[in-house]
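J.: Take this structure, written in structure tokens, and hold onto it; I'll ask about it next.
The values are calculated or read from the model by the stated rules, or taken from the named source; none is laboratory data. Note that the coordinates shown come from a computational prediction; the quantities given were computed from them, not determined experimentally. Here the Cβ positions follow ideal geometry from the backbone for every residue, glycine too, while neighbour counts run over all protein chains shown.
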Amino acid sequence: KQEVTQIPAALSVPEGENLVLNCSFTDSAIYNLQWFRQDPGKGLTSLLLIQSSQREQTSGRLNASLDKSSGRSTLYIAASQPGDSATYLCAVNRASGSRLTFGEGTQLTVNP
Amino acid sequence: GAGVSQSPRYKVAKRGQDVALRCDPISGHVSLFWYQQALGQGPEFLTYFQNEAQLDKSGLPSDRFFAERPEGSVSTLKIQRTQQEDSAVYLCASTLGGGGYEQYFGPGTRLTVT
């Protein structure tokens, strides 16, 4: 059974810092890895999707990397802003079923 | 275009009542998923449809949970005889096709069973 772990569970940083969020998964037979953000009381917003054949994806100040063989992904946020404060979730799926298996998230607070 | 919508956004039910939660996926999206998210946890898979066919319902926690998507578009998640442990946010997601596409999520329905 696939298990996804995110470290740290919570992170508080001053505005302007670069930061890294970590995600690990136990079964390397994944098809996609997706990073989401979730604001309090809201649904999930997709940030980046990395297919298993890719090593990284970038969108603006966000960069996600994938090391499938070691079962790890990182989300790098450059020049953090208070508006980045949210819970960040990573999730993986397999080609056969497409259901996502989520980690428990990292709650990020960026202080002005 | 319009995203995934869910209704109601909030539902309070007394223990033992039946509830129905609705999901309107993005137009043209073939696949639809339901997830359950407990407070402080990541979402957990409940069930999956491809068009009107329910291909995976292995995540439904009990036979009190039932989902349908009769015309391959709108889906309804029904919970019979609600229990306190059913209190959670129920999220719906849709995607164009199978595993290669991003899943787009709705805002969720927060169910509170008293």
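J.: So which of B:Y35, B:Y90, B:Y48 ends up being surrounded by 21 or more Cβ atoms within 10 Å (Cβ to Cβ), farther than 24 Å from A:D39 by Cα and either modelled with pLDDT of 95 or more or of a type outside the set (A, V, I, L, M, F, W, C) (or both)?
T.: Values: B:Y35 fails: farther than 24 Å from A:D39 by Cα; B:Y90 fails: farther than 24 Å from A:D39 by Cα.
Answer to the check: B:Y48.
J.: Just give me the residues in the range A:10-47 being of a type in the set (G, A, S), within 12 Å of A:K68 (Cβ to Cβ) and modelled with pLDDT of 95 or more, in sequence order. Don't jump to the end; show me each part of the working.
T.: To start, the set of residues in the range A:10-47 that are of a type in the set (G, A, S) comprises A:10, A:12, A:16, A:24, A:28-29, A:41, A:43, A:46.
Add one more test, that the residue is within 12 Å of A:K68 (Cβ to Cβ), and what stays is A:24, A:28-29.
Correct list: A:S24 only.
J.: Sort out which residues of the range A:46-63 are among the β-branched types (V, I, T) and surrounded by fewer than 15 Cβ atoms within 10 Å (Cβ to Cβ), and write them in order of number. Explain how you work it out, then say what you get.
T.: Narrowing the range A:46-63 to residues among the β-branched types (V, I, T): A:50, A:58.
A:T58 - this is the single residue of the range A:46-63 that is among the β-branched types (V, I, T) and surrounded by fewer than 15 Cβ atoms within 10 Å (Cβ to Cβ).
J.: Mind checking whether some residue in the range B:5-21 is within 14 Å of chain A (Cβ to nearest Cβ) and among the acidic types (D, E)?
T.: There is no residue in the range B:5-21 that is within 14 Å of chain A (Cβ to nearest Cβ) and among the acidic types (D, E).
J.: Return the total of residues in the range A:26-74 being of a type outside the set (S, T, Y), within 20 Å of A:T109 (Cβ to Cβ) and not in a loop (DSSP other than H, G, I, E, B).
T.: Total satisfying the criteria: 7.
J.: What residue, of B:G106, B:G72, is facing another protein chain (nearest Cβ under 8 Å) and over 25 Å from A:S52 (Cβ atoms)? Spell out how you get there, then give the answer.
T.: Values: B:G72 fails: facing another protein chain (nearest Cβ under 8 Å).
Of B:G106, B:G72, the one residue that is facing another protein chain (nearest Cβ under 8 Å) and over 25 Å from A:S52 (Cβ atoms) is B:G106.
J.: If you check A:E56 against the conditions, is it away from every other protein chain (no Cβ under 14 Å) and either in contact with a strand residue (DSSP E or B) (Cβ under 8 Å, 6 or more places away or on another chain) or hydroxyl-bearing (S, T, Y) (or both)?
T.: On the way: away from every other protein chain (no Cβ under 14 Å): yes; either in contact with a strand residue (DSSP E or B) (Cβ under 8 Å, 6 or more places away or on another chain) or hydroxyl-bearing (S, T, Y) (or both): yes.
So A:E56 fits the description; yes.
J.: Something else: Can you tell me which residue in the range A:64-85 is nearest to A:Y31 (Cα to Cα), limited to those that are under 12 Å from the mean Cα position of the chain (by Cα) and buried (at least 17 other Cβ atoms within 10 Å of the Cβ)? Spell out how you get there, then give the answer.
T.: Taking the range A:64-85 first, the residues under 12 Å from the mean Cα position of the chain (by Cα) are A:64-66, A:72-77.
Next cut, buried (at least 17 other Cβ atoms within 10 Å of the Cβ) only: A:64-66, A:73-75, A:77.
Working: A:A64: 15, A:S65: 14, A:L66: 12, A:S73: 13, A:T74: 17, A:L75: 18, A:I77: 24 Å.
Looking at residues that are under 12 Å from the mean Cα position of the chain (by Cα) and buried (at least 17 other Cβ atoms within 10 Å of the Cβ), I get A:L66.
J.: While we're on this one: Just to verify a result, which residue in the range B:51-60, among those that are assigned to a loop (DSSP other than H, G, I, E, B) and not polar (S, T, N, Q), is surrounded by the fewest Cβ atoms within 10 Å (Cβ to Cβ)? Write out each step before concluding.
T.: Initial filter on the range B:51-60 (assigned to a loop (DSSP other than H, G, I, E, B)): B:51-52, B:57-60.
If we keep only those that are not polar (S, T, N, Q) too, we end up with B:52, B:57, B:59-60.
Values: B:E52: 13, B:K57: 15, B:G59: 16, B:L60: 19.
Going through the qualifying residues, I end up with B:E52.
J.: So B:E85 passes all but one of these: (1) closer than 28 Å to A:T106 by Cα; (2) within 14 Å of another protein chain (Cβ to nearest Cβ); (3) without any contact (Cβ under 8 Å) to a residue 60 or more places away in the chain. Which condition number does it fail?
T.: (2)
J.: Scan (1) in contact (Cβ under 8 Å) with a residue 60 or more places away in the chain; (2) in contact with a Gly (Cβ under 8 Å, 6 or more places away or on another chain) for the single condition A:V92 breaks and write down its number.
T.: Going through the list (1) in contact (Cβ under 8 Å) with a residue 60 or more places away in the chain; (2) in contact with a Gly (Cβ under 8 Å, 6 or more places away or on another chain), A:V92 breaks only (2).
J.: Still on this structure: Being more than 17 Å from A:A91 (Cβ to Cβ) and within 11 Å of another protein chain (Cβ to nearest Cβ): is that true of B:V30 here?
T.: On the way: more than 17 Å from A:A91 (Cβ to Cβ): yes; within 11 Å of another protein chain (Cβ to nearest Cβ): yes.
Yes, satisfied.
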